[in-house]
Amino acid sequence: MEKLTEKKLTKRDYLVVSSMLFGLFFGAGNLIFPLHLGQLAGANWVPATLGFLVTAVVLPLLSVLAVAAMHAEGVYDIGKPLGKWFAVLFMVLIHLTIGPLFGTPRTATVSFTTGVAPLLPKSMQTTGLLVFSALFFLAAFLLSYKEQHITSAIGKALNPVFLLLLFFLFFVGFSHPMGNAAGQATTAGYHTLGAGFFNGFLQGYNTMDALAGLAFGVTVVTAVRGLGLHRQSSVAKVTAKAGVLATSMIGLVYLFLIVLGAKSLANFKVSAEGGTAFNQLVTYYFGNAGHALLATLLTVTCLTTAVGLVAAFAQDFHKHFPVLSYVQWLALMSFASFLTANFGLATIISWSTPMLMFLYPFAMVLILLSVSGKWFNHDKTVYSFTVGFTTVPALLDMVSSFPPVVSQSAFGVACTNFEQSFLPFAAQGMAWVVPALVGLGLGLAVYKVRGRAAANATD
């Protein structure tokens, strides 16, 4: 009866879910990091773009497909093949990283620093951030208060406003280009094709979208079921289709932003970070009125991401730690994010990088294992060997990327020297790749041998 009565979604329903996914993924970092990458890469923007798209588009798409393939409802289910303790630990680390410690506070600080702060005198910066972040997270709390309304809030309302403003900027930027991207200088890390690709690959970590894609699983599943679907296969199919459409659009936006960043070098020097680059770009084309447009654009897109992050946090934590209700977890998450946001953007970025260098290898490994798991029945041995061999290099990458107080200490220098002496690709920040492949090979070998032994025992 369930199959007979289940609703058939229209194209409009698919567009709404895709729009929601776009809004959840596309936040502060998705605007500023590709623009800054374009400035860093200059004429070598093509290989840098390809590397960036791997971790900022392909990997988030695979995270959505992993959720669909595993019939998962959250990041917990992605880690579950390794046992409940690992799944809970992985879920908590992911949510803390993209949640109250780094990701969610960044949505408020980026929109304030690059959009609102230029409109305020320096003496009002601290108070301005306090007031802005309080109102920002109050709005995020109210928009995500009713779980079933998240689709409408993001997919039908906030996201279209953001897209209109963004594509208006693209139209002006490409119809009146600052210069030719191919003729611009490149910075030290982007002189060669290989270096450009690997640096673009690592820059994609900063978007946090692969981690967010796993965490958003519960939000997406809840929204899809709210459209009238109940069977796991139907929910997975809709999630996968919407994910392809949403990430394809995101990739197109990234391409435009990177090219604009490269073209901007004809008029500006390479900025310290993408927020400054975005401010320069908008000011160049729109003058003082550009600041108002920038503030609106950043606030809208950051708010859509904040809504998804606080909702996913509250949904997952209420499910696994039901001592608090969804609304109580939501309030706690919003308040904690408000507090962290007031440490400022620079502090948040400097301390988020090490955690991303640690978590991203695990996320990539688990996403790929989830997508391909049907070929080895999601065997725990394969997962254990692969994740186990990934752990040490991921820890070393984390230590090496800490601020100088840690990375330049005797312990930090010793870890960096050991890593670069014995692990391939350590200099590119990807020391985990070869160990993970070795672990995968060993895990698959054990799985095959054990399978043959079981088959022989039954003969």
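Out of (1) under 19 Å from T109 (Cβ atoms); (2) touching a helix residue (DSSP H, G or I) at 6+ places or on another chain (Cβ under 7 Å), the odd one out for A363 is which?
(1)
How many residues, within segment 355-377, are farther than 19 Å from A215 by Cβ and either assigned to a helix (DSSP H, G or I) or within 25 Å of the chain's Cα centre (by Cα) (or both)?
So the count comes out to 4.
Got at least one residue in segment 342-349 being on the phi > 0 side of the Ramachandran plot and within 23 Å of the chain's Cα centre (by Cα)?
Just the residues of segment 342-349 that are on the phi > 0 side of the Ramachandran plot, to begin with: 344.
Subsequent filtering for residues that are within 23 Å of the chain's Cα centre (by Cα) retains 344.
Among the residues of segment 342-349, at least one is on the phi > 0 side of the Ramachandran plot and within 23 Å of the chain's Cα centre (by Cα), which makes the answer yes.
L260 - would you say it is on the phi < 0 side of the Ramachandran plot and in contact (Cβ under 8 Å) with a residue 12 or more places away in the chain?
Values: on the phi < 0 side of the Ramachandran plot: yes; in contact (Cβ under 8 Å) with a residue 12 or more places away in the chain: yes.
Yes: the conditions hold for L260.
Any residue at all in segment 317-324 that is outside any helix (DSSP H, G or I), touching a residue at least 40 places away in the same chain (Cβ under 8 Å) and more than 21 Å from N30 (Cα to Cα)?
no
Could you tell me whether T390 is free of Cβ contacts under 8 Å to residues at least 24 places away in the same chain and over 21 Å from G103 (Cβ atoms)?
Criteria not met by T390.
Every residue, every condition in (1) crowded, with 19+ Cβ neighbours inside 10 Å; (2) small (G, A, S); (3) under 17 Å from the mean Cα position of the chain (by Cα), yes or no:
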position: P177; (1), (2), (3): no, no, no
position: T187; (1), (2), (3): no, no, no
position: G194; (1), (2), (3): no, yes, no
position: A215; (1), (2), (3): yes, yes, yes
position: R225; (1), (2), (3): no, no, no
position: V238; (1), (2), (3): yes, no, no
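When you scan segment 48-94, how many residues do you find that are touching a residue at least 24 places away in the same chain (Cβ under 8 Å), among the β-branched types (V, I, T) and farther than 30 Å from H191 by Cβ?
Within segment 48-94, residues that are touching a residue at least 24 places away in the same chain (Cβ under 8 Å), among the β-branched types (V, I, T) and farther than 30 Å from H191 by Cβ number 6.
Any idea which of F338, F317, F376, F358 is under 22 Å from F102 (Cα atoms), surrounded by 15 or more Cβ atoms within 10 Å (Cβ to Cβ) and assigned by TED's automatic domain parsing to the domain that holds P435?
On the way: F338 fails: assigned by TED's automatic domain parsing to the domain that holds P435; F317 fails: assigned by TED's automatic domain parsing to the domain that holds P435; F376 fails: under 22 Å from F102 (Cα atoms).
Criteria check complete, one pass: F358.
Here's the yes/no breakdown for (1) touching a helix residue (DSSP H, G or I) at 6+ places or on another chain (Cβ under 9 Å); (2) surrounded by 23 or more Cβ atoms within 10 Å (Cβ to Cβ); (3) at pLDDT 90 or above:
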{"residue": "L40", "(1), (2), (3)": "yes, yes, yes"}
{"residue": "L50", "(1), (2), (3)": "yes, no, yes"}
{"residue": "D77", "(1), (2), (3)": "yes, no, no"}
{"residue": "F90", "(1), (2), (3)": "yes, no, yes"}
{"residue": "F102", "(1), (2), (3)": "yes, no, no"}
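Which ranges mark the helices (runs of 4 or more DSSP H) fully within segment 164-259 that have 1 or more residues being of a type in the set (A, V, I, L, M, F, W, C), at pLDDT 90 or above and assigned by TED's automatic domain parsing to the domain that holds V58?
Helices (runs of 4 or more DSSP H) meeting the threshold: 193-203.
Looking at the structure I just gave you, is T97 within 30 Å of A266 (Cα to Cα) and assigned by TED's automatic domain parsing to the domain that holds T192?
no
Report every pair of residues separated by at least 6 positions or lying on different chains whose Cβ atoms are under 9 Å apart, first residue within segment 329-343 and in a helix (DSSP H, G or I), second acidic (D, E).
Close Cβ pairs satisfying both conditions: W329/D316.
The values are calculated or read from the model by the stated rules, or taken from the named source; none is laboratory data. Computed from a prediction, not measured in an experiment: that's the story for all the values here. So basically every Cβ, Gly included, is an ideal-geometry build from the backbone, and we count neighbours across all protein chains shown.
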